[in-house]
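All of the numbers you see were taken from the coordinates with simple rules; none came from a lab. The shown structure was predicted, so the numbers you read here are calculated from the model rather than taken from an experiment. Cβ placement follows ideal geometry from the backbone for every residue including glycine, while neighbour counts extend to all protein chains displayed.
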Amino acid sequence: MLFSTRCRSIVLGLALAGLSSLGAVGSAHADVILTFGQAVDGPTVNATNDVGGTSTEIKATNVAVIVTQIAGAVLPTPFLATLNFDFKSAGPAVSVFGQDLQQYLGSFSITSGLNGTGTNYLSSGLVDAVLNGTNGQTALGIASSTDPIFTSDVIGPLGFPSSASFSFASVSPAIHINGSTIAGFTSSVSGTFGASQSVPEPSSLALLGLGVIGLAGAAYRRRTCAV
């Protein structure tokens, strides 16, 4: 039997109430959780090509950095830390309207000790990051294109959305493609990282419960109105 007008109104109202409550709980945004710059002048990053010019590896090993911002005011800033990362190209470089682009993957850590030891201020793997720089210029960056999963001994909780970006300055030689990959270079480095730090509040959990009840009620009313 077809729904009566009254039944349609009840079902629609319950469904909309449920969806709007779920949407209110699901909203989140990324906050800046850490920024850093080099503690020393000069090149600290080294990018190298393989023999055939088909891949690039970008590394920073035990680079002294200054953390200029960290979420939660857990530590007074600025303070010294150690940066390590290793990014490898995951596909050929392309040039689009003068912009050289290439996909990378790898991992990084910002810690209190050498070689990723000591307190873990922030670390993550990057499974899908994009290098972007203007051909012939001396600045480029690598930014995550999917949400990295951060771990930290001092910041928490860390959720989604999240982001990681590294900026390379004083790139030498200037940015260009060698064979099918970004040419090797040296540079300095800085970085900015973001993540959602929101935790569901009691009111949000109540809204979530109402949302589930509303959707369940809509399904029940649909069944009862149909008989």
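The fraction of all Cα pairs in segment 29-196 landing in successive 10 Å bins from 0 to the largest distance is 11, 41, 34, 13, 1, given as whole percents. Based on the convex hull around the alpha carbon atoms, segment 70-127 presents an average projected area of 5.8 nm². Arranged from fewest to most other beta-carbon atoms within 10 Å of their beta carbon, His176, His29 become His29, His176.
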